[in-house]
Amino acid sequence: MWTYLKSPEDRLAFLLTLSFLNENDLSSLDALFSELSEQSFPAGQKQGHDQSWDRLNKLIQAHEIQPLAYYRALELNQKALGSPKLHFPAALLNQWKMEAKKIEDVQISRFKSAQVVLDFFRENSIPWVVLKGQSLAEEVYQLSAYKKMNDIDILVQPDDLQKIYDFLKLKKHISVMQLSENNPRAQEKYSHHWPPLLSSDFHCVWGVYWSLVSPLKKYHLDMEGVWSRIKPVNFAGQKAHRLHSEDILHHLCLHLNLYKSGLKEVQDIYNLVRHFDRPQNRSQDPQHDQSQNEFNWSRFEKKVRETGSFDEVYHALRTTYAYSGISSLDSVANSLEPEVSVRMKKFVKQKCSSPERLLRSRSTYISRIEKTYGFFTITKSPLEKAYFLLQMWKLLLFPPQNELIKMSYSKPSSSFFENLKLRLLGPSLVSRQLIHDLGWKLHIILILSHHLVLIRCFWNHLRQRPQGPQKLKEILRSLGVSDPNQIPEF
C-alpha cells in the first residue's frame, strides 16, 4: 500500500503529487476510480461522482498543487484512453490548467529576470548552489513550474557576499530592510541569509544564504562537507549545482513548517526519496556496495546524529510517512526516536494520529503574521506602524477558530468548554512555530524590539518632520508599485 489515506479523493490527491507513477501506483487506479464513481448519496443531492470530483478539487486547491495535479491527470487520461470511467472531467482539467499556466508564466518571468545575476556568477566564477524546490524541478519532476515557488534560494560562499551584494545593488535590487532604511547586511551577524531581495522589475525574489541553518540554532552543519558533496544540475537554462541528495533531504526536513506541511511542502520529501530509490538511480548488482549509491539511509542518519537535528528530522519523516506510507521513513524515524524531545514526540503523535485530518490541516496562518511584520517594517508612518503592530498582536492572541483546529490537529467540537480551552491555547499554538524558527529568547527579544521601533518612530516624528514618502502605499508607489499585493510573496 502506497499511502495510509483512506478515501478515494484523499488517495487520488496524493497520487497526483507523485513525480512518476510506477506499476504499483497504476495498478491501484482502476479500483480507486471505481470507488469515486460508485459512491451513493441521498436523493436530491448531486450525483456522488460529481461530489467526489468537487471534494478532490477542494483538496487540490487547499494544498496549492494544481500544476502537478494537471500534468499527472493528463498522463492518467492518456493511459486510460478508451475507458471513460478512468477519465478526469474536462472542466476540472481546464481549471487546473489555468492555474498551472499562471505559475508557469511567473516562473518564465522569474528566470528571465534572473539571467543577469546568473550571468554575473558565471562570468566571475562565483560558486553557487540552487536550493529547495527549484533544485528538484528538472531532475526529479522534469517540470520547471511543478508548483508555485515564490523565490530562488541560493547558497553562496561567505567570502563572495560583498561582491554579490555590490552587484545586486548596482542592478537596483531592493530588500524590505532597505525600504525601512536599514542595512540588509546587518543580518549577517545573527542569521544565515539576507532578507529577500527583489529585482527592479519585481519578477524575481532572491534568497541569498551562506549557511543552511541559523547560527542561533542548537545544532550546526558542516558547511565544508556540504560544499564538498554538491552535484551538477540544470537550472534556468544554465549549468548549476544542487546539494547532495542526502543534504537536500536534511535541508527539507530542517525547514518543514509545523503547520504549513501539506502535500505541496511534503511532496518534495517523498518524491526525492522515491526518485533516488528508482532502479536507474541505484545499482541492481548484488555485488555492488550499496553505500556507493548517491542516496543512502545509513549515511543520512549518521548526518542527523552528527548535527543533533533530531526533533526537526523526526517531525518531517513522521509527517511524510503519515501521507505516503514509505517504510524507510518510518524505520529511520523509529531509530531517531530515543533522541527526540518529549515535547516534539507528543506534538508529532497528535499531528499524525489521523492522516485524513492531517490532510485537511494545512495552515498558512503564520504567513499572515510574517506579511504584517513586513508592512510594519516598511512603513515610516508612526500611525501605520502602530496599526500593523496591533494587527500582529491580534493575529497572535486571537486566531480564528478554524485555524486553531488546524494548528492543534484536533476534531471540530460543539462543546463550549473544549472550544474555550482551544481558544485559551491559541497564543501558545501560534507562538510554537515562531519559537521553533527563532528560539524563545529571540522571539521575546523581537517582540520587545517591535515596540521600541514604534516608540522611536513616534519620537522622530515629534522631533522633526521627516522628508519623503512615509506611508506604506507612498513608499511602494515611489518604487512603481501601486498595490502591496503586487510584491511577490517570500
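The values are calculated or read from the model by the stated rules, or taken from the named source; none is laboratory data. The shown structure was predicted, so the numbers you read here are calculated from the model rather than taken from an experiment. Methodologically, a virtual Cβ is constructed for each residue, glycine included, from the backbone with ideal geometry; neighbour enumeration extends over all protein chains shown.
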So in the range 368-382, with the set limited to residues that are in contact with a His (Cβ under 9 Å, 6 or more places away or on another chain) and in a helix (DSSP H, G or I), which one is surrounded by the most Cβ atoms within 10 Å (Cβ to Cβ)?
376
Out of 390, 336, which single residue is farther than 26 Å from residue 297 by Cα and among the aliphatic types (A, V, I, L, M)?
390
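This table checks each residue for (1) among the aliphatic types (A, V, I, L, M); (2) farther than 21 Å from residue 435 by Cβ; (3) at pLDDT below 95.
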{"position": "303", "(1), (2), (3)": "no, yes, no"}
{"position": "306", "(1), (2), (3)": "no, yes, no"}
{"position": "310", "(1), (2), (3)": "no, no, no"}
{"position": "324", "(1), (2), (3)": "no, yes, yes"}
So for the range 333-346 (the condition being more than 24 Å from the chain's Cα centre (by Cα), over 30 Å from residue 184 (Cβ atoms) and of a type in the set (A, V, I, L, M, F, W, C)), does at least one residue qualify?
yes
Can you confirm whether residue 414 is surrounded by 15 or more Cβ atoms within 10 Å (Cβ to Cβ) and of a type in the set (Ser, Thr, Tyr)?
no
Contacts under 9 angstrom Cβ, first residue in the range 145-164 being under 27 Å from residue 105 (Cα atoms), partner assigned to a helix (DSSP H, G or I) and among the acidic types (Asp, Glu), 6 or more apart
145/104; 145/105; 147/268; 148/99
Across (1) without any contact (Cβ under 8 Å) to a residue 40 or more places away in the chain; (2) within 16 Å of residue 350 (Cα to Cα); (3) of a type in the set (A, V, I, L, M), residue 407 clears everything bar (1)
So, of the residues in the range 419-443 that are surrounded by 13 or more Cβ atoms within 10 Å (Cβ to Cβ), free of Cβ contacts under 8 Å to residues at least 60 places away in the same chain and among the aliphatic types (A, V, I, L, M), which turns out to be farthest from residue 404 (Cα to Cα)?
435
One residue is enough: does the range 334-348 have a residue meeting the conditions outside any helix (DSSP H, G or I), at pLDDT below 95 and not aromatic (Phe, Trp, Tyr)?
no
Has the range 159-166 got at least one residue that is surrounded by 18 or more Cβ atoms within 10 Å (Cβ to Cβ), hydrophobic (A, V, I, L, M, F, W, C) and closer than 19 Å to residue 67 by Cβ?
no
For the range 206-233, give me each residue that is part of a loop (DSSP other than H, G, I, E, B), surrounded by 15 or more Cβ atoms within 10 Å (Cβ to Cβ) and among the hydrophobic types (A, V, I, L, M, F, W, C).
210, 212, 213, 221, 230
Selection within the range 6-29 - part of a helix (DSSP H, G or I), surrounded by 13 or more Cβ atoms within 10 Å (Cβ to Cβ) and not hydrophobic (A, V, I, L, M, F, W, C):
8, 9, 10, 11, 25
Residue satisfying all of: in the range 457-478; surrounded by fewer than 13 Cβ atoms within 10 Å (Cβ to Cβ) and assigned to a helix (DSSP H, G or I); modelled with the lowest pLDDT among these
478
Return the total of residues in the range 180-220 being closer than 21 Å to residue 444 by Cα and of a type in the set (Val, Ile, Thr).
1
When residue 385 is evaluated against the numbered criteria (1) more than 20 Å from residue 455 (Cβ to Cβ); (2) more than 26 Å from the chain's Cα centre (by Cα); (3) modelled with pLDDT of 90 or more, which criterion, by number, is the only one it fails?
(1)
Is it true that residue 203 is at pLDDT below 90 and not aromatic (Phe, Trp, Tyr)?
no
Considering only the range 103-113, I want to know if a residue exists there that is assigned to a helix (DSSP H, G or I), hydrophobic (A, V, I, L, M, F, W, C) and either more than 30 Å from residue 246 (Cβ to Cβ) or modelled with pLDDT under 95 (or both).
yes
What pairs come up if the first residue lies in the range 459-486 and is within 16 Å of residue 376 (Cα to Cα) and not assigned by TED's automatic domain parsing to the domain that holds residue 204, the second is surrounded by 13 or more Cβ atoms within 10 Å (Cβ to Cβ) and modelled with pLDDT under 65, and their beta carbons are under 7 Å apart, counting only those six or more places apart or on different chains?
472/484; 475/179; 476/484
Only one of 86, 81, 92 is at pLDDT below 75, over 20 Å from residue 4 (Cβ atoms), surrounded by 15 or more Cβ atoms within 10 Å (Cβ to Cβ) and not hydroxyl-bearing (Ser, Thr, Tyr). Can you tell me which?
86
Please indicate, with yes or no, whether at least one residue in the range 136-143 is closer than 30 Å to residue 278 by Cα and in contact with a Pro (Cβ under 8 Å, 6 or more places away or on another chain).
yes
So residue 461 fits all but one of (1) farther than 30 Å from residue 255 by Cβ; (2) touching a Phe, Trp or Tyr at 6+ places or on another chain (Cβ under 9 Å); what number is the exception?
(2)
